[in-house]
Amino acid sequence: MSGSLVILDPTAEQEPIGRRPATRPDQLTGPLGLIDIAKPRGDVFLNEVERLLRADLPDLEIIRLRKPTYTKPSPSDLRAKVASRCRAVIQALAD
Amino acid sequence: MSRLPAAGSTAPAFSLGDRAGGQVDLTEVAAPGTLLFFFKHDCDTCDLTAPLVVRLQDALATSGLLFVGVSQDDPSHTTVFVDRHQLSFPIALDSELHVSDDYGFDAVPALVLLGPDRQVLASYEGFARTDLAGLIEFAAKQCGAETPPIVTESDGLPKMRPGCGSKAHAPDVAQRLAVRRGAAVLSARRVRVPVDDDPFEFLAAQGLGDGLPVVPPTEERVLRMLEGTSRSPSDVVAHIPPNLTPATVEKVAINAVMSGCLPEYLPVVIAAAEAACTDEFNLHGVLATTYFATPVIVVNGPIRDEIDVNCGRNMFGQGFRANATIGRALQLLVRNVGGGRPGDVDMSTLGQPGKFTCCVGEREDLSPWEPLHVERGFSPETSTVTVFAGEAPRAIRDQLSRSARSLGASMGWCLETMAHPKLHRMGEVLLVVSPEHARTFKADGYSKADLRARIQEVTARPLRDLLPNDECQKGTVPAGLPPDWKGPDGQPTEEALARPVPKFKENSDILIMVGGGTAGKFSAFLGGWASGTMGSMAVTREICR
């Protein structure tokens, strides 16, 4: 094989920006977002999670959030809401 | 097509070696000017022209007009020609043919008369008496001299004689020159395959393929691919999910090369990428889902025959280059530009063979109905792609029905199995009616609307039978039902439970096309994915070349 073959890069030639996951809280202090991604029975799962949390942590502030559809990335307003209002989130995939 | 600089334009500068090791430089042209004479040694028309150039040189000897020969040959063949015609002016050697390519003529001889600042005063290629006479007249005028009597009534010169093909047009040379000329338009990063690496293995090791070997996208191949479109290589075609990175025409061409496309397929790949990267199609979701969906490309209109997209026997199968490579190019684009890779963002549980490639044509000539693209708002003469987020094709087997009504029922019952028989009010499906089945519908005057209605009729079941129950916990869930079907508790009302619910939410969710071989009473359907505007909807785009 010839060693001089030059090819063109088929990729986007972009280096992903490295982001570290947010620091995990030591304890749940809220506000806690419970995000339903809109799959069937996501509400069943999150209702149970909320019930358990309220039993254990009655003072925890819980915010219920929902994606319009599981088929698309979260819309920017939902992402903004999570970033500005939630200290932690639990997202339900369900089915 | 010739790109010989016309009068009024500025000719390219050059600096070439001569046979004695010196340089012939055409950076600056002093008054009154310079006449360039491009030739090759084995050209009769060059032999016809050379003595005339010598006579012109003699006639204008005192004027200061410079004569420069540019040879397309190596030094020894150049000497043969120079000696044959006793040329006394400087001869530049253009054996690499870069200058010939820059001057863009198709044939030699080519004569270019330049004034100061390399402004072209006259130019022609081949031989025509009128062109030669015009050029001589310009040259004399530029020198303030009388027009020398070279072209006269008794000169014995032919009226015209075609030139000989420029060496720059020899196929292997043209490709090399095209790379040199076009390299500037290619902005992708160049990657040098390491010495002794097999390019195919190298590309696979970089994770740039789909498991099958890909064609190494060299500059030559990409430039040739770009000839398939009139669009600029830097045009952004679409932002490819999941990373939503811009894909230029050049990046599409690179991936089309890798997939094995011919240049004439490129507009189809571009249109497919445009269609798939719309909010309606939702390629991000189609890619990321754990389901089977993948872009299914349907080609309609004149281009289908022009580039031989198979719409007949084995249309979903192997053996047809356009089908195999167009769909693959879109998949490679998603992988390489968009960053969508299996097991990463592509989370399909089982996948399906169509995730390598899925592209077919519609067999419009054997359809009793208007083709898919016409139904979707385009003229029959417009070439289009329709992208549909589909599963693999599934069989509809009915060799017995001789009436449209019966055949429509068969199709409906088969379609009811899409995703799950109890799952109704689904989104779109692509129904591919084979020619033999199409003939049955035609004989009974069945329209597409009739077929859709029949499918909905035979699949309509009381909602009660479709709900999840102990017998089968899967089914049509109340959450997706219209609000007026439900009571205050969110559960279906008694009236709603008795309501017949057809398989599809809307009749128009059943996309119908004709395709396949003429033998076989088999049709097929490709189930869709999540429904409506919250999932993926088929999108049709015109193919622009």
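The values are calculated or read from the model by the stated rules, or taken from the named source; none is laboratory data. All of these numbers come straight from a predicted model, not from anything done at the bench. Every residue, glycine as well, gets a Cβ built from its backbone with ideal geometry; the counts of neighbours run over all protein chains shown.
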Of all the residues that make up the stretch B:272-302, how many are closer than 22 Å to B:LEU431 by Cα and more than 13 Å from chain A (Cβ to nearest Cβ)?
-> 13
Per-region count, the stretch B:362-419, residues hydrophobic (A, V, I, L, M, F, W, C) and either in a loop (DSSP other than H, G, I, E, B) or at pLDDT below 95 (or both) = 6
Can you tell me which residue among B:THR440, B:THR493 is free of Cβ contacts under 8 Å to residues at least 12 places away in the same chain, among the β-branched types (Val, Ile, Thr) and farther than 22 Å from B:TRP529 by Cα?
-> B:THR493
Of B:ALA20, B:ALA30, which residue is aliphatic (A, V, I, L, M) and without any contact (Cβ under 8 Å) to a residue 24 or more places away in the chain?
-> B:ALA20
State whether one or more residues within the stretch B:240-247 are buried (at least 23 other Cβ atoms within 10 Å of the Cβ), more than 10 Å from every other protein chain (Cβ to nearest Cβ) and in contact with a strand residue (DSSP E or B) (Cβ under 7 Å, 6 or more places away or on another chain).
-> no
Of the residues in the stretch B:454-481, those that are modelled with pLDDT under 95 and buried (at least 19 other Cβ atoms within 10 Å of the Cβ) number 2
Mind counting the residues in the stretch B:318-333 that are within 14 Å of chain A (Cβ to nearest Cβ) and touching a helix residue (DSSP H, G or I) at 6+ places or on another chain (Cβ under 6 Å)?
-> 5
Residue count, the stretch B:509-545, condition surrounded by fewer than 18 Cβ atoms within 10 Å (Cβ to Cβ), out of contact with any Gly (no Cβ under 9 Å at 6 or more places or on another chain), modelled with pLDDT of 95 or more and not hydrophobic (A, V, I, L, M, F, W, C), comes to 1
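Here's the yes/no breakdown for (1) within 11 Å of chain B (Cβ to nearest Cβ); (2) at pLDDT 95 or above:
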{"residue": "A:SER2", "(1), (2)": "yes, no"}
{"residue": "A:GLN27", "(1), (2)": "no, no"}
{"residue": "A:LEU52", "(1), (2)": "no, yes"}
{"residue": "A:LYS67", "(1), (2)": "yes, no"}
{"residue": "A:ALA83", "(1), (2)": "no, no"}
Before we move on, is B:SER154 over 20 Å from B:ASN255 (Cβ atoms), hydroxyl-bearing (Ser, Thr, Tyr) and buried (at least 18 other Cβ atoms within 10 Å of the Cβ)?
-> no
Only one of these conditions is not met by B:ARG221: (1) of a type in the set (Lys, Arg); (2) more than 13 Å from every other protein chain (Cβ to nearest Cβ); (3) assigned to a helix (DSSP H, G or I). Which number is it?
-> (2)
Which of (1) surrounded by fewer than 24 Cβ atoms within 10 Å (Cβ to Cβ); (2) within 10 Å of chain A (Cβ to nearest Cβ); (3) small (Gly, Ala, Ser) is the odd one out, the single condition B:ALA253 does not satisfy?
-> (1)
Which residue out of B:GLU495, B:GLU436, B:GLU457, B:GLU471 is in a helix (DSSP H, G or I), of a type outside the set (Ser, Thr, Tyr) and more than 22 Å from B:GLY412 (Cα to Cα)?
-> B:GLU495
Looking at (1) farther than 14 Å from B:ARG376 by Cα; (2) of a type outside the set (Asp, Glu); (3) within 14 Å of chain A (Cβ to nearest Cβ), can you tell me which one B:PHE504 breaks?
-> (3)
Quick one: what pairs do we get from the stretch A:56-67, first residue loosely packed, with under 13 Cβ neighbours inside 10 Å, second of a type in the set (S, T, N, Q), C-beta under 7 Å, 6+ apart or different chains?
-> none
Within the stretch B:203-217, residues being within 8 Å of chain A (Cβ to nearest Cβ) and either over 15 Å from A:GLU13 (Cβ atoms) or not in a loop (DSSP other than H, G, I, E, B) (or both) number 2
Can you tell me which residue in the stretch B:323-364 is surrounded by the most Cβ atoms within 10 Å (Cβ to Cβ), limited to those that are over 22 Å from B:ALA271 (Cβ atoms) and of a type in the set (Asp, Glu)?
-> B:ASP346
Does B:ALA395 satisfy the criteria of being under 30 Å from B:GLU306 (Cα atoms) and aliphatic (A, V, I, L, M)?
-> yes
In the stretch B:256-295, anything surrounded by fewer than 24 Cβ atoms within 10 Å (Cβ to Cβ), of a type in the set (A, V, I, L, M) and modelled with pLDDT of 95 or more is listed as B:LEU262
Cβ-Cβ under 6 Å pairs, at least 6 apart or on other chains, the stretch B:144-159 side over 14 Å from B:ALA133 (Cβ atoms), far side of a type in the set (Ser, Thr, Tyr) = B:ALA145/B:SER63
So, first residue among the small types (Gly, Ala, Ser) in the stretch B:82-103, second residue in a loop (DSSP other than H, G, I, E, B), Cβ within less than 9 Å, six or more apart or across chains; the pairs are B:ALA92/B:ASP18; B:SER95/B:GLN72; B:SER95/B:ASP73; B:SER95/B:ASP74; B:SER100/B:GLN72; B:SER100/B:ASP94; B:SER100/B:SER166
Mind listing whichever residues of the stretch A:29-44 are buried (at least 16 other Cβ atoms within 10 Å of the Cβ), more than 14 Å from chain B (Cβ to nearest Cβ) and at pLDDT 90 or above?
-> A:LEU32, A:GLY33, A:LEU34, A:ILE35
Residue check, B:GLU227 under 26 Å from the mean Cα position of the chain (by Cα), within 13 Å of chain A (Cβ to nearest Cβ) and of a type in the set (Asp, Glu) | no
Residue, nearest to B:GLN72 (Cα to Cα), within the stretch B:169-202, restricted to residues that are assigned to a loop (DSSP other than H, G, I, E, B) and among the charged types (D, E, K, R) | B:ARG189
Considering only the stretch B:115-129, state which residues are touching a strand residue (DSSP E or B) at 6+ places or on another chain (Cβ under 8 Å) and either of a type in the set (Phe, Trp, Tyr) or assigned to a helix (DSSP H, G or I) (or both).
-> B:ASP117, B:ARG118, B:TYR124, B:PHE127, B:ARG129
Which ones in the stretch B:523-538 are more than 14 Å from chain A (Cβ to nearest Cβ) and either in a helix (DSSP H, G or I) or in contact with a helix residue (DSSP H, G or I) (Cβ under 8 Å, 6 or more places away or on another chain) (or both)?
-> B:SER523, B:PHE525
Leading residue by the ranking (nearest to B:ARG328 (Cα to Cα)) among those in the stretch B:170-196 that are within 12 Å of chain A (Cβ to nearest Cβ), out of contact with any Pro (no Cβ under 7 Å at 6 or more places or on another chain) and surrounded by 16 or more Cβ atoms within 10 Å (Cβ to Cβ) | B:ALA188
Considering B:ASN314, B:ASN323, which residue is polar (S, T, N, Q), in contact (Cβ under 8 Å) with a residue 12 or more places away in the chain and not in a helix (DSSP H, G or I)?
-> B:ASN314
Subset of the stretch B:9-49 that is under 15 Å from B:ASP94 (Cα atoms) and charged (D, E, K, R) - its residue that is surrounded by the most Cβ atoms within 10 Å (Cβ to Cβ) = B:LYS40
